[in-house]
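Single-structure report; data block below.
The values are calculated or read from the model by the stated rules, or taken from the named source; none is laboratory data. In this text, all values refer to a predicted model and were calculated from it rather than measured experimentally. Positions of Cβ are backbone-derived with ideal geometry, glycine not excepted, and every protein chain shown enters the neighbour counts. For the accessible areas, the whole protein counts, side chains as well, though only heavy atoms, and no ligand, DNA or RNA atoms are used. Shrake-Rupley method; radii C 1.70, N 1.55, O 1.52, S 1.80 Å.
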Amino acid sequence: MSEAIAAPVEAPLRTAHKRRYLMCVPSHFTVSYSINPWMEPSRPTDTARALAQWQTLYDAYRDLGHEVELIDPLPGFPDMVYTANGGFVVDGIAYGPSFRYVERQGEAPAFIDWFRANGFETVVPEEVNEGEGDFLLAGDVILAGTGFRSTGDSHAEVARVFGREVVSLDLVDPRFYHLDTALSVLDPVEDATTGPANIAYLPGAFDERSRAILAERFPDAIRVSDEDGAVFGLNSASDGYNVFISPRAKGFEAQLRERGYNPVLVDLSELLLGGGGIKCCTLELRGAK
Ligand code: ARG
């Protein structure tokens, strides 16, 4: 009798979808105040290094065929490089930001002006929200984070603005203060070959109710280890095949490969001093143009 050989698990064939992103050159990057546990104003920052690392992300997107738009950096706003917080854009509608902390509030008009000037139907928000930092589109559904920055009322506002289902998730660990630090959408577009949008997430960043929702809605999700979460492994962008992640998230990298994704490693260690990573520096522009 021949010995049983475990059949290799076939990873699905993934396809890259062209994306359009908004980024901001970190010309004024530094850490001069602290609004999250990663930021220590007494620790020196290296703006030239931040610029060089940011450039590798910009180049990686462009080399893989994505389009990148730029918004002008404003002096005095060192966090403007984290464009994910500048809005949430779906179907050509741009929902503007209303920042939680005064240090970033001056960024909001700049983002709103940029959306208007670039042909987006622009909605000025009434509720405190930090854009794609806390709102992620997974297939048809909007996953929305709260607990530290965006309010629960902003979730209701987003549901009205986009006419889509919004699933509220509670963040409980201050290190993971935006949804995009704890959860990553891997297949942003419903893809007939790979099925519904899948996600990766850090279970420990959510309360029990939210963990139960995620387990039920995304039974095939990649659950990332605390170790990979702690190096901002989940703060990543995906085009459905290429997943742009931190080189420090070794376990997540292997999990992605097993599933047929192509991890693209981009080190933004300098920008992590401000509490941000790859996804924070990337705002997806969906529709318009
Ligand atoms: N220093 C910024 C802040 O605390 C970092 C923002 C990171 N952005 C993100 N999408 N997670 O607001």
Quick check on A212: is it within 16 Å of the ligand (Cβ to nearest atom) and either free of Cβ contacts under 8 Å to residues at least 60 places away in the same chain or open to solvent by less than 10 Å² (accessible area, probe 1.4 Å) (or both)?
no
For segment 236-286, how many residues meet the condition of being closer than 23 Å to Y95 by Cβ and among the aliphatic types (A, V, I, L, M)?
4
Taking segment 234-289 and keeping only residues that are within 15 Å of the ligand (Cβ to nearest atom), within 18 Å of L183 (Cα to Cα) and among the acidic types (D, E), one is left with E284
Scan segment 174-196 and give yes if some residue there is in contact with a helix residue (DSSP H, G or I) (Cβ under 6 Å, 6 or more places away or on another chain), at negative phi and more than 15 Å from the ligand (Cβ to nearest atom), otherwise no.
no
Kindly check whether there is at least one residue in segment 113-122 that is out of contact with any His (no Cβ under 9 Å at 6 or more places or on another chain) and within 16 Å of the ligand (Cβ to nearest atom).
no
Filter pass, E253 being farther than 22 Å from L137 by Cβ and in contact with a strand residue (DSSP E or B) (Cβ under 9 Å, 6 or more places away or on another chain)
yes
Find all pairs meeting these conditions: Cβ atoms under 8 angstrom apart; at least six residues apart or on different chains; first residue within segment 82-108 and farther than 12 Å from G131 by Cβ; second residue of a type in the set (A, V, I, L, M) and within 11 Å of the ligand (Cβ to nearest atom).
Y101/I35; E103/I35
Is it true that A94 is open to solvent by less than 30 Å² (accessible area, probe 1.4 Å) and under 17 Å from I278 (Cα atoms)?
no
Cβ-Cβ under 7 Å, sequence separation 6+ or interchain: first residue in segment 141-154 and touching a residue at least 12 places away in the same chain (Cβ under 8 Å), partner part of a helix (DSSP H, G or I) and more than 14 Å from the ligand (Cβ to nearest atom). Which pairs?
I142/V158; I142/F162; A144/H155; A144/V158; T146/G152; T146/H155
Having 3 or more residues that are of a type outside the set (F, W, Y) is the bar; report the strands (runs of 3 or more DSSP E) wholly within segment 11-90 that clear it.
20-23, 67-70
Looking at the structure I just gave you, is R149 surrounded by 20 or more Cβ atoms within 10 Å (Cβ to Cβ), farther than 30 Å from N198 by Cβ, at pLDDT 95 or above and within 15 Å of the ligand (Cβ to nearest atom)?
no
Segment 252-272, subset aliphatic (A, V, I, L, M) and within 17 Å of the chain's Cα centre (by Cα), residue most open to solvent (accessible area, probe 1.4 Å)
L265
